[in-house]
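Data first, discussion second: the structure below is written as structure tokens.
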Amino acid sequence: MRQTSCSRRLTTKETRADSGRPLELGAEVELDFNDLLVNGQAVGRSGSMVVFCFGPLPQERARVRITALKPKYAVGELVELLAISPFRSTPFCPVFGTCGGCQIQHMSYPAQLLWKRDVVSSALQRIGSFNEIAVSNTIGMVHPRAYRNKMSLVVEQGAPMPRLGFYQQRSHALVPIDGCPIVMPQLNAHIGKLNDALFAPPTARAFSSARHIVERTAQASEQSVVTFTTAQPSQALAESAGALLSRLPGAVGITNSFELTSENAIMGRKHKVLAGVPEIHERIAGINYRVSAGSFFQVNVEIVGRIFDFMRSHLARCANVVDLYCGAGTFSLYFAKAGHHVVGVEENAQAIAEARANAGLNALNGSVKFICARVEIAVRRADVRGALRRAQIVFLDPPRKGSDEVTLEGIAESGVPNIWYLSCDPATLARDLKFLAAKGYRVGIVQPFDMFPQTGHIETLATMYRPLP
């Protein structure tokens, strides 16, 4: 890809794309790009045809080669940038653009924060029909690198020797890596150590049947725990676990995850501790957490702390809180520590076990109760329905697919006065807020947080309230 030295902003007269001829596969065309999708693809137009392309940013003009033609859109490959956005930044990762882990590293960080706010605002308008909602500026990080406390390495088998890396963009092809500037320093250092262990006689056999290596580290304790995922329990891994542990400074445990739920599963249903201990100690805002490599725990501790700070000013002196999709209790324990009575609901039994253990670790057993059940089933249970009716706040942090109408109907039927919805997908957030708005709730604050800098992922906390009669 060639890049000119032009750095001016495009004017109105310069925004005409090549549109005099129909697009053909393999053809090169010059296009103006005016939007960016959350997957990192820029959006341009050639006549009536939308063209998606990785590499350009909004306000840029580029020459692209058409690599795919569909009835309503085309996909292009960047050949040359012709006019450059003032928001372009030089990527700091050598495999940016190939590795699928980061999508917007070529955008300056202040511009990333503004873009993420606009993505949330657009989703609320386009999907939720909330045309008058003001979205707050995105709360970001001081230093938006080396923040991820968890990494999932792919182990490629079939070559003369296994290789470690991440998947390419939109592919299961491997990008071999020696380091990653997005993960925390200890994880980054361990990538090189694991690559060395691939060829060391005491440890090489441990990788022979591995599919993924998942490692999580803690900011507070600098401990880490490493899980090797295999289809079945690995005897070779068990025999090498002690040697592996000694090669990874700060690591306190090696575990084996197996019995996969699907061919592409990163973690299995069962876990076995092979060396050391399976958990590490983390601390956020005075709350202690014991977490494993597979825990339902946020990847960015700094931003979790900022969410805690933001919520603190909006909490009453004492409230009843129902935390739906509570995972390992990250937010349940925060509410309980702040003096509130909490009921947490989560379907994953391992996460509930960790949540209960963490409640005991913080002497909060008397303030929080955890229920293991599917949320859409639990909201119809008598005990949870009672908790919902008594609650002043329902907090929900669902997976990327969002919540469901049964759960949202149960929340609305309870009459709870306040709903706090933490979402990692603006589209499903807008959809679910629209459903609740139809049940009589109004949107209050919409606050994005940059839980995932350098990527297109966006975390948003939205509050809703039921107006007084």
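For Tyr465, Tyr325, what ranking results if the residue with the fewest other Cβ atoms within 10 Å of its Cβ goes first?
Numbers: Tyr465 16, Tyr325 21.
Fewest to most other Cβ atoms nearby, the residues stand as Tyr465, Tyr325.
Taking neighbour Cβ counts within 10 Å as the exposure measure, how do Arg170, Arg163 sort from fewest upward? Intermediate results must be reported in sequence, preceding the final value.
Values: Arg170 12, Arg163 19.
Listed from fewest to most nearby Cβ atoms, that is Arg170, Arg163.
Would you please classify the overall shape of the chain from the alpha carbon gyration tensor, given that a ≥ b ≥ c denote the square roots of the eigenvalues, rounded means a/c under 1.5, and beyond that prolate means a/b larger than b/c while oblate covers the rest? Walk me through the numbers before you get to the answer.
Working: a/c = 2.02, a/b = 1.11, b/c = 1.81.
Oblate.
Once you charge only the Cβ atoms, +1 for Lys and Arg and -1 for Asp and Glu, what is the size of the charge dipole of the chain about its Cα centre, to the nearest 20 debye? Show your work: numbers first, answer last.
Working: 50 positive and 39 negative charges, 115 e Å.
Once rounded to the nearest 20, the dipole reads 560 debye.
How high is the relative contact order of the chain, in percent, counting Cα pairs under 8 Å that sit 6 or more residues apart? Walk me through the numbers before you get to the answer.
Details: 1057 pairs, mean separation 55.0, N = 469.
It rounds to 12 percent for the chain.
Once you keep just the Cα pairs under 8 angstrom separated by 6 or more residues, what percentage relative contact order results for region 133-179? Show your work: numbers first, answer last.
Values: 36 pairs, mean separation 10.2, N = 47.
After rounding, I find 22 percent.
Amide H of Val342 versus every other amide H placed in the peptide plane: which residues, excluding those fewer than 5 positions away on the same chain, fall under 5 Å?
Long-range HN contacts for Val342: Val321, Val368, Lys369.
Ranked from highest to lowest mean number of other Cβ atoms within 10 Å per residue, what is the order of the peptides 356-363, 153-160? Don't skip to the end; give the middle numbers.
Details: 356-363: 16.5, 153-160: 14.5.
Most protected by this proxy first, the peptides run 356-363, 153-160.
Need one word for region 149-241: rounded, prolate or oblate. Basis is the Cα gyration tensor (sqrt eigenvalues a ≥ b ≥ c); a/c below 1.5 gives rounded, then a/b vs b/c decides.
oblate
Take the cross-link list Lys116/Lys337; Lys337/Lys401; Lys116/Lys401; Lys401/Lys434; Lys116/Lys369; Lys150/Lys401 and give me the ones stretching past 26 Å between alpha-carbons. Spell out each step's value before the answer.
Values: Lys116/Lys337 31 Å; Lys337/Lys401 29 Å; Lys116/Lys401 19 Å; Lys401/Lys434 15 Å; Lys116/Lys369 35 Å; Lys150/Lys401 21 Å.
Violating the 26 Å limit, Cα to Cα: Lys116/Lys337; Lys337/Lys401; Lys116/Lys369.
Pick out, from Pro185, His172, Ala134, the residue whose Cα sits farthest towards the positive end of the charge dipole of region 100-203, with +1 on the Cβ of Lys and Arg and -1 on the Cβ of Asp and Glu.
Farthest towards the positive end: Ala134.
What ranking do Ser234, Ser89 get, fewest neighbouring Cβ atoms within 10 angstrom at the top? Intermediate results must be reported in sequence, preceding the final value.
Numbers: Ser234 23, Ser89 17.
Ordered from fewest to most neighbouring Cβ atoms within 10 Å, Ser234, Ser89 come out as Ser89, Ser234.
Quick one: grab the alpha carbon gyration tensor of region 201-259, order the square roots of its eigenvalues as a ≥ b ≥ c, and give me rounded if a/c is under 1.5, else prolate or oblate depending on whether a/b is larger than b/c. Show your work: numbers first, answer last.
Working: a/c = 2.66, a/b = 1.49, b/c = 1.79.
Oblate shape, in that a/c is at least 1.5 and b/c is the bigger or equal ratio.
Would you mind pulling out the separation of the Cα centroids of region 415-446 and region 288-367, in Å?
21
Can you run phi through the Karplus equation (6.51, -1.76, 1.60; θ = phi - 60°) for region 171-184 and list ³J(HN,Hα) in whole Hz, with x for Gly and Pro?
7, 9, 6, 8, 10, x, 9, 10, x, 9, x, 8, 7, 4
Given only helices, namely DSSP H runs of n ≥ 4 each adding -39500 (n - 2.57), what is the per-residue ellipticity at 222 nm of the chain, to the nearest 500 deg cm²/dmol?
Working: 10 runs with 113 residues, N = 469.
Computed ellipticity for the chain at 222 nm equals -7500 deg cm²/dmol.
Can you give me the C-alpha center-to-center distance between region 180-248 and region 66-129, rounded to a whole angstrom?
What the calculation gives is 33 Å, centre to centre.
Read-outs throughout are calculated quantities, based only on the coordinates presented, and are distinct from any laboratory measurement. In this text, all values refer to a predicted model and were calculated from it rather than measured experimentally. Ideal geometry is used to build each Cβ from the backbone, glycine not excepted, and the neighbour counts take in all protein chains shown.
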